[in-house]
Amino acid sequence: MTWGPLRRLTGPAARLGLRHGSARTRFTALYVTLFLLSGTALLAIAAVVASGGSRDSRTAPGGGTALPATAAQARGRIDDLERQLAGAHDTQTRQILLGCAIALGVMLVISAALGWFVAGRVLRPLRVMTAATRRITADNLHERLAVDGPDDEVKDLADTIDDLLGRLEDSFDAQRLFVANASHELRTPLTTMRASLDVALAKPGPVPGTTATLAARMRTELDQVDRLLEGLLVLARSRHGEFTDPARLTLGRLAHTALTARAEDIAAGGLTVRETRIDDTAWVHGSRTLLRRAVDNVIDNAVVHNGPGGSIAVTVRAEGGEPGTVSLVVESDGPVLDQRRVADLAQPFRRLAGDRTGTGRGSGLGLSIVAAVVRAHHGTLDLRARPAGGLRVTLTLPGAGAEAAP
């Protein structure tokens with residue numbers, strides 16, 4: 001596990017090369033460095049103290065007074081003994097210092113092992129907290145770290161993360177409640193306005209042409225608002241991972257159904273559909289409504305934003321064995337697109353109408369809904385501009401095996 005650089009280990013830590021690597025490695029290096037410095041200082045002090053005892057500056061008694069022969073011989077013998085004692089003392093001092101240096105090297109290795117062990121024990125609660133935090137997603141925000149132990153800095157950090165998770169859970173619950181209420185509150189005025197138009201047009205007597213034209217235009221705008229509202233609600237539900245209808249189904253059948261439902265639009269645009277490869281046994285698991293909406297949006301995008309007389313290529317395949325992954329690839333013709341702008345199509349209200357067909361149809365939520373649905377099902381969405389023009393959409397989901405759905 002890799003941690004960020006310790007902010008307090010600046011200056012000396014940077015000069016010692018402790019700003020990179022894991023926190024455990026940096027703590028171990030710091031422990032070893034401190035031990036090496038303290039051991040070296042202790043060895044230097046011992047060397048100074050040991051060398052001071054070997055100095056002896058005795059002088060012969062009586063200054064330059066002549067000594068008898070017997071006394072001179074005794075004095076020479078004493079000097080020889082002092083020199084031998086000093087040599088033995090120096091040898092012993094060197095041996096002691098050498099032994100201390102060897103002991104320092106051995107303890108340096110032992111201190112590195114002990115430092116690695118101690119640093120691991122100290123950082124173990126942080127690793128546990130990190131693993132628990134990574135397991136918590138929008139679907140299980142009710143879980144908490146609940147770290148036991150003394151009231152220290154680690155427990156304070158765990159309690160702070162638990163408080164943050166509690167606030168996030170309250171926020172997600174408020175958003176879910178808003179989505180549930182908005183689906184009723186916002187549809188009611190739309191229904192009322194559409195009913196008023198129907199009543200106005202159903203009155204006896206001839207209807208003025210301007211009124212009929214205005215009513216038709218308002219109905220078209222109401223339908224657009226209705227589709228926009230539905231797209232926003234689906235986007236919110238998919239982002240919250242709300243699967244009210246889990247099922248096992250195949251992307252191949254969903255693609256067949258979407259193409260059949262849009263047969264009139266495909267024929268009106270003179271489009272050619274090429275089902276290069278559709279594997280009806282490529283099963284996935286997830287929300288039937290959300291996955292159907294995602295496939296419909298991908299097919300809609302290929303139909304609406306295609307050029308006159310263009311083509312649509314649809315491929316569904318299973319990869320990687322069982323369960324592996326299942327991919328839906330939809331390629332459509334059109335003008336050459338900028339890949340940098342294509343990557344933004346997965347964001348809400350991002351459209352390339354001016355660069356593509358200029359029809360102005362759609363709410364700008366189609367591919368963003370696809371991205372949210374795929375993300376909620378732990379899949380990926382890849383948008384690529386084709387070199388020859390048009391767009392290539394690849395939707396990849398975790399597979400659910402090849403056995404038939406119940």
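The values are calculated or read from the model by the stated rules, or taken from the named source; none is laboratory data. Treat the numbers as computed from the prediction; the structure is a model and nothing was measured. Cβ atoms come from the backbone with ideal geometry, glycine included; neighbour counts cover every protein chain shown.
A few comments on the model shown:
- Against the test of being of a type in the set (A, V, I, L, M, F, W, C) and touching a residue at least 12 places away in the same chain (Cβ under 8 Å), the options Leu165, Leu177 yield a single qualifying residue, Leu165.
- Leu222 meets each of the listed conditions (1) in a helix (DSSP H, G or I); (2) closer than 30 Å to Phe27 by Cβ apart from (2).
- Top-ranked residue of the range 94-151 - restricted to ones that are acidic (Asp, Glu) and exposed (fewer than 12 other Cβ atoms within 10 Å of the Cβ), ranked as nearest to Leu43 (Cα to Cα): Asp151
- Number of the condition not met by Lys203 [criteria: (1) farther than 30 Å from Val234 by Cα; (2) at pLDDT 80 or above; (3) loosely packed, with under 10 Cβ neighbours inside 10 Å; (4) among the basic types (Lys, Arg)]: (2)
- Checking Leu197, Leu190, Leu186 one by one, the residue that is in contact (Cβ under 8 Å) with a residue 40 or more places away in the chain and under 30 Å from Asp223 (Cα atoms) is Leu186 and no other.
- Val314 meets all of the listed conditions (1) crowded, with 16+ Cβ neighbours inside 10 Å; (2) assigned to a helix (DSSP H, G or I) but one, namely (2).
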